[in-house]
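Working notes, beginning with the structure itself.
The values are calculated or read from the model by the stated rules, or taken from the named source; none is laboratory data. As the structure is a prediction and not an experimental result, all values here were calculated from the model. Here Cβ is always computed from backbone atoms with ideal geometry, including for glycine, and neighbour counts include all displayed protein chains. These accessible areas exclude ligands, DNA and RNA; they are computed on the full protein's heavy atoms, side chains included. Shrake-Rupley method; radii C 1.70, N 1.55, O 1.52, S 1.80 Å.
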Amino acid sequence: MRALRRATSLPPAPPVLQGWDEPALCHGFLGREGGASRGPFASLNLSYWVGDNSRSVDVNWQRARQLMPRGVRFAQLKQVHGKTIHTIGPRADDDPRPEGDGLVTAITGVVLCIFTADCVPVLLADQERGVIGALHAGWRGILAGIAAAAVRAMVRQGARAGEIRALLGPSIGPCCYEVDDELARRFERRFERAHTHVHPSDRAGKAYLDLRSIVGDQLVVAGLAREGIQNVGPCTKSESERYFSRRAASGEVTGLQLSFIGRFAPGVTPRE
């Protein structure tokens, strides 16, 4: 991410969805509202690599950063629809955007960032042991087992699987995620309960998948308590005025929304 100039005057911070009331956790799911971008990126696109005007993205980041404490370090990925999880340590990585689809850390002052436009953004936290994570879970990553890989990575940092809580953010829902029957069968063969999250379509050779429910089941199998897993926000395609959705854009270029989580020392709060 490029350095941002300090804005002299900014509009209110953009709308954000949250799921936890934890003062030491800065987290949330942003939509597409409240930014400066235009066209298919309107308006709060936070990705520099989808073709948007970089100055507009600068402004969007200035607005988004109002939700976060000053001086934070951002961790981002070159997302590739796999299950690779990167652990963020106290020193900055040589590669500012390594390839992968998950981030975990046990240090304070780092904001883990995930970008989506229909895939499932997942935020994870064992607050007692100070370990957090963020995942980009598309169908390929889910099929590959990214949820279990993230839990294992957090446990290696000191988390306890049964104490990890999860928020599954705005993503395409079973109302709109129509796939080929063969893909649905792959999920059913791979995961024991996946058949309960596959629904018939009126179109021959098609079915609907409930990706968030499949991820939730995977997290339970990995050791999380089901009551610690929450869905936050609507279907991105159904609410494409509020959220970026590749399906709603018929596969054309669109912006990406940010999901983020960071852990901070007591008393550190977002800027006013």
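Give me the Å³ per residue figure for the convex hull around the C-alpha atoms of region 62-107. Don't skip to the end; give the middle numbers.
Details: hull volume 4.7 nm³, N = 46.
Spread over its residues, the Cα hull of region 62-107 gives 102 Å³ apiece.
Suppose every K and R has +1 on its Cβ and every D and E has -1 on its Cβ; what is the size of the dipole of the chain about the Cα centre, in Debye to the nearest 20? Before the final figure, lay out the partial values.
Working: 35 positive and 28 negative charges, 131 e Å.
The dipole magnitude comes to about 640 debye.
Using the Karplus curve 6.51 cos²θ - 1.76 cosθ + 1.60 with θ = phi - 60°, work out ³J(HN,Hα) for each residue of region 48-56 in order, rounded to whole Hz, and write x for Gly and Pro.
Each residue of region 48-56 in turn: 7, 10, 10, x, 6, 5, 5, 5, 5 Hz.
Quote the Stokes-Einstein diffusion coefficient, in whole µm² s⁻¹, for region 116-272, based on the Kirkwood radius over alpha carbon pairs, a temperature of 10 °C and a viscosity of 1.306 mPa s.
Details: Rh = 16.4 Å.
Translational diffusion coefficient: 97 µm²/s.
Where the Cα atoms of region 214-272 are projected onto their three principal axes, how long is each span, largest first, in whole Å?
That works out to 43, 39, 16 Å along the principal axes.
Distance between Cα centroids, region 148-201 to region 26-105: provide it in whole Å.
23
Return the carbon/sulfur percentage of the accessible area of the chain, one whole number, probe 1.4 Å, all protein chains in place.
Values: 5750 of 12510 Å².
For the chain, the apolar C and S fraction of the accessible surface comes to 46 percent.
Under a plain spin-label model, where a point goes 7 Å from the Cα along Cα-to-Cβ, how far apart in nm are E128 and D21?
Simple spin-label model gives 2.0 nm for this pair.
So, in nm, how far is label V253 from label S238 when the simple model puts each one 7 Å beyond its Cα toward the Cβ?
Placing both labels 7 Å beyond Cα along the Cβ direction yields 3.1 nm.
For region 78-233, what is the accessible area per residue in Å², given a 1.4 Å probe and the full set of protein chains? The partial results should precede the final answer.
On the way: 6660 Å² over 156 residues.
Result: 43 Å² per residue.
For the pair R226 and A148, how long in nm is the line joining their label points, each one 7 Å along Cα→Cβ?
It works out to 1.9 nm between the two label points.
For region 178-264, what does the alpha-carbon gyration tensor say about shape, rounded, prolate or oblate, given a ≥ b ≥ c as the root eigenvalues, a/c under 1.5 as rounded, and a/b over b/c as prolate?
Judged from the Cα gyration tensor, region 178-264 comes out oblate (a/c at least 1.5, b/c at or above a/b).
Please list, or write none, the lysines whose alpha carbon is within less than 19 Å of the alpha carbon of K206, excluding same-chain residues fewer than 8 places away.
By straight Cα distance, K206 reaches K237.
Where does the chain land at 222 nm, in deg cm²/dmol rounded to the nearest 500, when only DSSP H runs of n ≥ 4 count, each adding -39500 (n - 2.57), divided by all residues?
Helices in the chain give a 222 nm mean residue ellipticity of -5000 deg cm²/dmol.
More than 34 Å apart: what percent of Cα pairs in the chain qualify? Intermediate results must be reported in sequence, preceding the final value.
Details: 5408 of 36856 pairs.
Roughly 15 percent, once rounded to a whole number.
Using +1 at the Cβ of each Lys and Arg and -1 at the Cβ of each Asp and Glu in region 229-272, identify which of S245, F260, P234 lies farthest towards the dipole's positive end.
Toward the positive end, the furthest listed residue is F260.
Placing +1 at every Lys and Arg Cβ and -1 at every Asp and Glu Cβ, with all other atoms neutral, what dipole size does region 230-272 have around its Cα centre, in debye to the nearest 20? Don't skip to the answer; put the middle values down first.
Numbers: 6 positive and 4 negative charges, 28 e Å.
Result for region 230-272 is approximately 140 debye, rounded to the nearest 20.
Looking at the calculated P(r) for region 65-163, what percent of the C-alpha pair distances fall above 21 Å?
Details: 1417 of 4851 pairs.
Tail of P(r) above 21 Å: 29 percent of Cα pairs.
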